[in-house]
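Working notes, structure below.
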């Protein structure tokens, strides 16, 4: 019997990075609550956009398919990386 690839075929870049950032954010929020409650609350409020991006990602996968959505997400990630590199070059030139 072959294992089912149904769940792994619907994974996207934003889903994986969103789940990782949620786990890391919840961990640091828990740690910040023990030291300073307000800092932990700010971290939790910062996770709201991540949840909205994950929900939007799942809706787009449902409507258009994982392959097309993944392609667009890699283009978006590539543009952000390129902008980061160009900004770094600009700052080094100053």
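Every number here is computed from the coordinates shown, using simple stated rules; none is lab data. Please read all numbers here as calculations on a predicted model, not as lab measurements.
In whole Å, what is the distance between the alpha-carbon centres of the stretch 12-46 and the stretch 75-94? So the two Cα centres are separated by 26 Å.
Relative contact order of the chain, taken over Cα pairs closer than 8 Å and 6 or more residues apart, is 33 percent.
Potential lengthening of the chain between residue 33 and residue 88 amounts to 16.4 nm, from the contour at 0.36 nm per residue minus the alpha-carbon distance.
The mean sequence distance of close C-alpha pairs (under 8 Å, at least 6 residues apart), as a share of the length of the stretch 14-61, puts its relative contact order at 46 percent.
How much length would be gained if the chain were fully extended between residue 79 and residue 24, taking 0.36 nm per residue of separation minus their Cα-Cα distance, in nm to one decimal? Walk me through the numbers on the way to the answer.
Numbers: separation 55, 0.36 × 55 = 19.80 nm, distance 2.44 nm.
Residue separation times 0.36 nm, minus the Cα-Cα distance, leaves 17.4 nm.
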